[in-house]
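Please treat every number below as a calculation from the coordinates, not as lab data. The model shown is predicted, which means the values in this text are computed figures rather than measured ones. With ideal geometry, Cβ positions are generated from the backbone for all residues, glycine too; neighbour counts draw on all protein chains shown.
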Amino acid sequence: MSILFHAMPTDVVRALQNEQPDYYGQPAEETISDGAGNPCRHCLSDTPEGARMLILAYRPFADDQPYAEVGPIFLCGDTCERFETSGSLPPILRTSPDYLIKGYGADDRIVYGTGVVIAPDKLTEACEGIFTDTTVAYIHVRSARNNCYQCKITRASA
């Protein structure tokens, strides 16, 4: 089985880059990236040193419900290209010693027993294992230390 990594949708990111309020109705905070540890959830790379960067609250779920976590994320302050959905590990998932992954059902609720903290070199294999549970529709990757949303993972079409 192969998996696909998905960045935030471009239309959502462009709206936020053009001053649409974040999930809490607040304007994004603008700062300058120090070049490390500032992973953009659209290009799935660190925002370059010296570049404008946005910090805002994001909910990667369509509807409010108990499992729809909201948290801080970074975005490039200027236009960046969306990471192309692929089976290759995105750059932002190569920089930390580990990540939290957990499966969600089609109802956007956590599938209990799927959550695990995993090293980047074991992430793909762990996701493939989670996807053996047919009730898992997708997986979210989060920071293991701060719980910040990183990206979404789905099964590749056969």
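Treat the chain as a sphere of radius equal to its Kirkwood radius over Cα pairs and apply Stokes-Einstein at 4 °C in a medium of 1.567 mPa s; give the translational diffusion coefficient in µm²/s, rounded to a whole number.
Rounded to a whole number, D works out at 82 µm²/s.
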Going by how many other Cβ atoms sit within 10 Å of their own, how do TYR67, TYR23 line up, fewest first?
TYR67, TYR23
antiparallel share of DSSP beta bridges within the stretch 23-93, to nearest 5, in %, is 90
Ranked list, fewest to most other Cβ atoms within 10 Å of each Cβ, for ASP63, ASP133, ASP108:
ASP63, ASP133, ASP108
Please identify the GluC sites (Glu not before Pro) of the stretch 64-158 that satisfy two criteria: DSSP loop assignment and at most 16 other Cβ atoms within 10 Å. Which are they?
GLU69, GLU81, GLU84
Efficiency by 1/(1 + (r/R0)^6): what FRET value for GLN26 and ASP78, r their Cβ-Cβ distance, R0 = 25 Å, to the nearest 0.05?
0.80
Kindly provide the helix-only [θ] at 222 nm of the chain, computed as the sum of -39,500 (n - 2.57) over DSSP H runs of four or more divided by all residues, to the nearest 500 deg cm²/dmol?
-3500 deg cm²/dmol
Computed ³J(HN,Hα) along the stretch 11-24: with the Karplus parameters 6.51/-1.76/1.60, θ = phi - 60°, integer Hz and x for glycine or proline, the list is 4, 5, 5, 4, 4, 5, 5, 9, 6, 5, x, 7, 4, 8
